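Chemist: Sharing a structure below in structure tokens format, with a few things to ask.
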Amino acid sequence: MLRIFHNTKYEFVKHWRIAAGITVAFIVAGLVTFGITGGVNYSIEFTGGTLMQVQFKQAPDVAVVRSTLDKAGITGSEIQQFGSATEYTIRARDEKQVEEQAAGAEGISKKIASALDQQFGAGNVTFVRTEAVGPKVGSELRSGALTAMLLASLITLGYLAFRFDWRFGAAAVLSTAHDILVTFAFIKMFDIEVSLTVVAAILTLLGYSANDTIIIFDRVREDLKKRAKGESLSAVLDRAINETLPRSVMTHATTLASTLALLVIAGEVIRPFAWVMAFGVFVATFSSIYVAGPLLIWIESKYPRTTSDSTSRAVNAGNDNSGDTRPRKSERLATR
């Protein structure tokens with residue numbers, strides 16, 4: 001069986017400051033983008049409105065399409081190219097039109113179809129798909145998506161606190177929160193439309209990242225029991241990461257291959273999901289190594305364990321990041 005990255009001894013944790021600088025810079029860039037251009041680009045599912053995907057026989061003039069819709073009373077619509085030069089999406093989000101959709105969702109789509117058929121001729125425009133959501137439904141979907149992400153984080157915290165220790169759970173949840181912030185920064189910077197499909201990708205990323213962190217933390221717990229005397233927690237973390245590295249590389253490579261296949265082969269509808277998942281593979285790998293581990297060391301330094309078992313001594317030794325592996329003075333006195 002082929003084994004890669006076997007018996008490696010890379011020092012990951014000592015580079016946490018560089019990693020922290022990179023992730024903070026990325027999040028700040030996302031916040032700046034939020035400040036300049038406003039909130040994320042929500043889909044019709046969350047804002048309410050009508051979305052139609054249309055295909056013309058010949059590439060149309062977008063200005064003509066917009067003026068046609070304006071004459072039909074469909075004002076303020078968003079028209080975007082969708083794939084080829086003959087495919088476009090039309091989003092009608094006018095407040096009055098959204099209210100109309102609450103009473104009868106088919107009304108706006110019929111107006112759009114009738115106006116385009118009159119302008120370009122019947123049979124020259126194909127209506128690929130139509131989505132219509134009322135404002136109340138969109139609001140409920142948005143609150144439901146937020147609730148789902150919060151519940152996923154709380155369940156992860158509870159499981160890890162029960163399975164390991166609350167310190168491990170807190171480090172894992174904070175690491176997952178980092179993943180969400182970075183992912184939203186990515187979504188905003190690349191103007192990815194936030195739909196239920198993208199929310200599904202974020203929830204998948206939550207589980208994927210938490211699982212990767214759990215694998216490393218489980219190995220950390222095992223290695224703490226057989227640590228060398230005076231070995232720091234950072235050294236134990238490095239060893240645990242190296243021991244799980246072959247498994248991590250194979251898992252992330254296969255997951256990335258699947259998401260890249262969706263990104264290249266799948267259509268425009270599934271592409272935002274693939275973008276978020278492909279980015280999430282790198283984020284999950286990064287956070288499980290350079291975020292969760294250093295956070296665990298910091299939490300242990302602030303809230304050290306009071307027991308005198310070997311795990312506690314390893315944690316206390318790990319609080320000293322100077323690299324000195326000699327026993328502390330108090331430990332030498334206690335052994336005399």
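The values are calculated or read from the model by the stated rules, or taken from the named source; none is laboratory data. What you are looking at is a predicted structure, and each value in this text was computed from that prediction instead of being measured. All Cβ positions, glycine included, derive from the backbone under ideal geometry; neighbour counts span all protein chains shown.
Chemist: Could you tell me whether residue 44 is under 24 Å from residue 118 (Cα atoms) and crowded, with 17+ Cβ neighbours inside 10 Å? Let's see the steps before the verdict.
Modeler: Details: under 24 Å from residue 118 (Cα atoms): no; crowded, with 17+ Cβ neighbours inside 10 Å: yes.
Judged against the criteria, residue 44 is not a match.
Chemist: Hey, another quick one. Listed residues 316, 242; which is modelled with pLDDT under 85, of a type outside the set (Asp, Glu) and crowded, with 16+ Cβ neighbours inside 10 Å? Outline the logic, then answer.
Modeler: On the way: 242 fails: modelled with pLDDT under 85.
Result: 316 is the single residue among 316, 242 that is modelled with pLDDT under 85, of a type outside the set (Asp, Glu) and crowded, with 16+ Cβ neighbours inside 10 Å.
Here's the yes/no breakdown for (1) crowded, with 16+ Cβ neighbours inside 10 Å; (2) assigned to a helix (DSSP H, G or I); (3) more than 15 Å from the chain's Cα centre (by Cα):
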| residue | (1), (2), (3) |
| --- | --- |
| 159 | no, yes, yes |
| 178 | yes, yes, no |
| 185 | yes, yes, no |
| 216 | yes, yes, yes |
| 248 | yes, yes, yes |
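Chemist: Return the residues of segment 161-176 that are exposed (fewer than 15 other Cβ atoms within 10 Å of the Cβ) and either of a type outside the set (A, V, I, L, M, F, W, C) or part of a loop (DSSP other than H, G, I, E, B) (or both); say none if nothing qualifies. First the steps, then the outcome.
Modeler: At the first step, the residues of segment 161-176 found to be exposed (fewer than 15 other Cβ atoms within 10 Å of the Cβ) are 162-163, 166.
Hit for segment 161-176 is 163, nothing else.
Chemist: Can you confirm whether residue 179 is closer than 25 Å to residue 42 by Cα and of a type in the set (Asp, Glu)?
Modeler: Details: closer than 25 Å to residue 42 by Cα: yes; of a type in the set (Asp, Glu): yes.
Judged against the criteria, residue 179 is a match.
Chemist: Quick check on my filter: what residues within segment 247-268 are farther than 20 Å from residue 207 by Cα and touching a Phe, Trp or Tyr at 6+ places or on another chain (Cβ under 9 Å)? Reasoning before the result, please.
Modeler: Filtering segment 247-268 down to residues farther than 20 Å from residue 207 by Cα leaves 261, 263-268.
The answer is 263, 266, 268.
Chemist: Tell me which of these residue 122 doesn't satisfy, since it passes every other one: (1) at negative phi; (2) modelled with pLDDT of 85 or more; (3) not assigned by TED's automatic domain parsing to the domain that holds residue 279.
Modeler: (2)
Chemist: Tell me which strands (runs of 3 or more DSSP E) are completely within segment 21-100 and hold 2 or more residues being touching a strand residue (DSSP E or B) at 6+ places or on another chain (Cβ under 8 Å), farther than 30 Å from residue 143 by Cβ and not assigned by TED's automatic domain parsing to the domain that holds residue 142, or say none if there are none. Please lay out each step first, then the result.
Modeler: On the way: elements: 49-56, 78-81, 87-92.
Here the list reads 49-56, 87-92.
Chemist: Let me ask something else about it. Please enumerate the residues belonging to segment 103-119 that are among the hydroxyl-bearing types (Ser, Thr, Tyr) and modelled with pLDDT of 85 or more. Reasoning before the result, please.
Modeler: Of the residues in segment 103-119, the ones among the hydroxyl-bearing types (Ser, Thr, Tyr) are 109, 114.
The answer is 114, and nothing else.
Chemist: Here's a check for you: in segment 250-273, which residue that is among the β-branched types (Val, Ile, Thr) and crowded, with 16+ Cβ neighbours inside 10 Å is farthest from residue 11 (Cα to Cα)?
Modeler: First, pick out the residues of segment 250-273 that are among the β-branched types (Val, Ile, Thr): 251, 254-255, 259, 264-265, 269-270.
Of the ones still in play, those that are also crowded, with 16+ Cβ neighbours inside 10 Å are 251, 255, 259.
Details: 251: 21, 255: 25, 259: 29 Å.
Checked segment 250-273; the qualifying residue farthest from residue 11 (Cα to Cα) is 259.
Chemist: Restricting to segment 42-78, and then to whatever is among the polar types (S, T, N, Q) and under 19 Å from residue 129 (Cβ atoms), can you tell me which residue is farthest from the chain's Cα centre (by Cα)? I'd like the intermediate steps shown before the answer.
Modeler: Step one: list which residues in segment 42-78 are among the polar types (S, T, N, Q), which gives 43, 47, 50, 53, 55, 58, 67-68, 75, 77.
In the following step, the residues that additionally are under 19 Å from residue 129 (Cβ atoms) were identified as 43, 47, 50, 53, 55, 77.
Values: 43: 17, 47: 21, 50: 27, 53: 27, 55: 32, 77: 29 Å.
In this case the residue turns out to be 55.
Chemist: Let me ask something else about it. Is it the case, given these coordinates, that residue 80 is loosely packed, with under 12 Cβ neighbours inside 10 Å, at pLDDT below 85, touching a Ser or Thr at 6+ places or on another chain (Cβ under 7 Å) and of a type in the set (S, T, N, Q)? Step through it out loud before you land on a result.
Modeler: Values: loosely packed, with under 12 Cβ neighbours inside 10 Å: yes; at pLDDT below 85: yes; touching a Ser or Thr at 6+ places or on another chain (Cβ under 7 Å): yes; of a type in the set (S, T, N, Q): yes.
Yes; evaluated as a whole, the condition is true for this residue.
Chemist: Conditions: (1) surrounded by 13 or more Cβ atoms within 10 Å (Cβ to Cβ); (2) under 30 Å from residue 250 (Cβ atoms); (3) aliphatic (A, V, I, L, M). Residue 69 meets all but one. Number of the miss?
Modeler: Result: residue 69 passes all but (2).
Chemist: Now for a separate question. Just give me the residues in segment 187-214 being surrounded by fewer than 17 Cβ atoms within 10 Å (Cβ to Cβ) and more than 13 Å from the chain's Cα centre (by Cα), in sequence order.
Modeler: Passing the criteria: 189, 190, 191, 196, 211.
Chemist: Sticking with this structure for a sec: Filtering segment 47-59 down to residues that are surrounded by 14 or more Cβ atoms within 10 Å (Cβ to Cβ) and not β-branched (Val, Ile, Thr), which residue is farthest from residue 248 (Cα to Cα)?
Modeler: Filtering segment 47-59 for residues surrounded by 14 or more Cβ atoms within 10 Å (Cβ to Cβ) gives 47-56.
Next, only the ones that are not β-branched (Val, Ile, Thr) stay: 48-49, 51-53, 55-56.
On the way: 48: 41, 49: 43, 51: 40, 52: 42, 53: 40, 55: 43, 56: 46 Å.
The residue in question is 56.
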